[in-house]
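*Asks:* Just dropping this structure here.
Coordinate-derived values only; no laboratory data. A quick note: this is a predicted structure, and the numbers were derived from the prediction, not measured. Using ideal geometry, Cβ is built from the backbone for each residue, glycine included, and neighbour counts are taken over all protein chains shown.
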Amino acid sequence: MLGIPNIIKLYFFVIWLISYEVKEFIHSKSFYKELGKKQRMRRKSVEDYLEVIYRLIDEKGYARIFDISAFLNVKPPSVTEMVQKLAKEGYVKYTRYQTITLTNKGREVAKNVYRRHKTLTEFLKILGVEEEIAEKDACEIEHSLHPKTVDRLTKFVEFVKNAPRDPRWLEHFRIYYETGKYPKCEKNEA
Ligand code: FE2
């Protein structure tokens, strides 16, 4: 049988052990990795919502919970919860049964994401990816790109789309994609 002094000692030992393990966990890489992952997920979610609200306002003149729900394929109560959080953080204006509008802060973020979205979609389409897949994948990638990468991609898309004639190398790429072979270049061909 343990005497009372030993039970007290055991109690303090367990407390010390738990706090030691918690400290170890906090300082371990996995904790920070997990935290970073959560922040990234949160950022992605905020950006996705703001982008959709921005697009809905642009296309229909207004954004409502049901429209966002349909667009993102998320249940209306979850959309309401997220929109309320966005309102608290100053990204949107929303009162129950009213349409949702963007604040200046929200519009700034949304415009930026949508710009990235369009660039990525166009880039993927240039590579030959089908529009529907390009749109979907753009939404996945758009949150985590470095601004320098976005800048390059934007210039690349501009370069291809505004080229004075169809770039032959793109046609060559298409042939390479389909056959696995490099087409023969004619002289002076770009
Ligand atoms: Fe997107």
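*Asks:* Among the listed pairs LYS44/LYS136; LYS33/LYS105; LYS38/LYS155; LYS44/LYS125; LYS38/LYS118, which are separated by more than 21 Å between their Cα atoms? List each step's numbers first, then the result.
*Replies:* Details: LYS44/LYS136 14 Å; LYS33/LYS105 28 Å; LYS38/LYS155 32 Å; LYS44/LYS125 23 Å; LYS38/LYS118 26 Å.
Long pairs (Cα-Cα over 21 Å): LYS33/LYS105; LYS38/LYS155; LYS44/LYS125; LYS38/LYS118.
*Asks:* Where the centroid of each part is defined by its Cα atoms, how far is segment 97-133 from segment 33-72 in Å?
*Replies:* First find each Cα centre; the distance between them is then 10 Å.
*Asks:* Grab the beta carbon distance between ILE8 and GLN39, set R0 = 41 Å, and tell me the FRET efficiency rounded to 0.05.
*Replies:* With a Förster radius of 41 Å, E is 0.50.
*Asks:* While we're on this one: Give me Rg/Rg_expected for segment 114-179, where Rg uses Cα atoms only and Rg_expected = 2.2 N^0.38 Å with N residues. Don't jump to the answer; show the numbers that get you there.
*Replies:* Working: Rg = 12.4 Å, N = 66, 2.2 N^0.38 = 10.8 Å.
So segment 114-179 has a normalised radius of gyration of 1.15.
*Asks:* Same structure, new question: May I have the extent of the alpha carbons of the chain along their three principal axes, as whole Å values ordered from largest to smallest?
*Replies:* The principal-axis extents, from largest down, are 95, 49, 26 Å.
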